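Asks: Pasting a structure here, questions to come.
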Amino acid sequence: WCVADTVAGHHRRVATSEGVVPDRWSASSVYPDMWADPDKDPRDSGTPLTDERSTLLEYLRAYRLTLELKCADLSPEQLAQRSVPPSTMSLLGLVRHLADVERYWFRQVMAGEDAPKRYPAEQEQWDGAGADAAIVDEAWRAWREEVTFADAVIDGMTMDANGTMRDGNTLQLREVLVHMIEEYARHCGHADLIRECIDGRVGQ
């Protein structure tokens, strides 16, 4: 069965036998598959991509910002909403997970710090992402601290600077940046779908 129901603004939610499904919508009036109109999208900074460093850093910056955009204007309950059973993934869980990803690659690998995980048990990143304002605030604070630290490390290194992984193998900063872009791109794809399930908002 399926019942349509009009709610606040232009949002429409449809009740089905599997639950309530939001109607898909976009804040863009120019391109309906985009998150926002081009002149309102903060990800396009206009930075010239003239070399390896500027290209990698600009892509990483844009993907970090995409994570923030996908979580914008949501309540703690919405941020903690799980994706699809049996997964425990949520937008809030993604923020916690990526805080530890940033922490590992830049504090441990590139800076050589003895920096244990913020969320020691792998599953704690996801299971501990509860619908609580204090948990949300802590997750964003942790993520922003790690991003700030990472940016400081990057600023002080050349692309061929070496880091050491936990298994003893070494790699250069350029490879870490490519991996971070890959990591964020993968999880921003998850965030796309989770956000649609929460309030129906679509867009790259």
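Asks: Quick check on region 22-37. Is at least one of its residues closer than 30 Å to M157 by Cα and at pLDDT 90 or above?
Replies: Scanning region 22-37 turns up no residue that is closer than 30 Å to M157 by Cα and at pLDDT 90 or above.
Asks: Taking L94 as the residue in question, decide whether it is open to solvent by less than 30 Å² (accessible area, probe 1.4 Å), of a type in the set (A, V, I, L, M), assigned to a helix (DSSP H, G or I) and modelled with pLDDT of 95 or more.
Replies: yes
Asks: Considering only region 40-55, state which residues are among the acidic types (D, E) and either farther than 20 Å from L67 by Cα or more than 22 Å from the chain's Cα centre (by Cα) (or both).
Replies: D51, E52
Asks: Of the residues that sit in region 161-204 and are in contact with a Ser or Thr (Cβ under 6 Å, 6 or more places away or on another chain) and β-branched (V, I, T), which one is nearest to M89 (Cα to Cα)?
Replies: Step by step, filter region 161-204, then rank; the result is I194.
Asks: Take region 32-59 and flag every residue that is of a type in the set (S, T, N, Q) and either closer than 17 Å to V176 by Cβ or touching a helix residue (DSSP H, G or I) at 6+ places or on another chain (Cβ under 6 Å) (or both).
Replies: Matches in region 32-59: T47, S54, T55.
Asks: Something else: Confirm whether R144 is among the basic types (K, R) and under 25 Å from E52 (Cα atoms).
Replies: yes
Asks: Then there's this: Residues of region 120-160 being in a loop (DSSP other than H, G, I, E, B) and either open to solvent by 40 Å² or more (accessible area, probe 1.4 Å) or of a type in the set (F, W, Y) (or both), which ones?
Replies: The answer is P120, A121, E122, Q123, A131, D132, G156, M157, T158, D160.
Asks: If you check R107, R118, which single one turns out to be over 24 Å from S75 (Cα atoms), among the basic types (K, R) and touching a helix residue (DSSP H, G or I) at 6+ places or on another chain (Cβ under 7 Å)?
Replies: Testing whether each residue is over 24 Å from S75 (Cα atoms), among the basic types (K, R) and touching a helix residue (DSSP H, G or I) at 6+ places or on another chain (Cβ under 7 Å) leaves just R107.
Residue by residue, here is whether (1) in contact with a Ser or Thr (Cβ under 6 Å, 6 or more places away or on another chain); (2) part of a helix (DSSP H, G or I); (3) open to solvent by less than 40 Å² (accessible area, probe 1.4 Å); (4) under 19 Å from V202 (Cα atoms) holds:
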position: A62; (1), (2), (3), (4): no, yes, yes, yes
position: V84; (1), (2), (3), (4): no, no, no, yes
position: D100; (1), (2), (3), (4): no, yes, yes, no
position: E113; (1), (2), (3), (4): no, no, no, no
position: R118; (1), (2), (3), (4): no, no, no, no
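Asks: Pull out all pairs, ordered by first then second residue, where Cβ-Cβ is under 8 Å, the residues are six or more apart or on different chains, the first lies in region 113-126 and is more than 15 Å from L98 (Cβ to Cβ), and the second is outside any helix (DSSP H, G or I) and open to solvent by less than 70 Å² (accessible area, probe 1.4 Å).
Replies: Close Cβ pairs (under 8 Å, with a partner that is outside any helix (DSSP H, G or I) and open to solvent by less than 70 Å² (accessible area, probe 1.4 Å)) amount to Q123/T88.
The values are calculated or read from the model by the stated rules, or taken from the named source; none is laboratory data. All figures in this text were calculated on a predicted structure; none of them were measured in a lab. Virtual Cβ from ideal backbone geometry, glycine too; neighbours counted across all protein chains shown. In case anyone asks, the SASA skips ligands and DNA or RNA and just uses the protein heavy atoms, side chains included. Shrake-Rupley method; radii C 1.70, N 1.55, O 1.52, S 1.80 Å.
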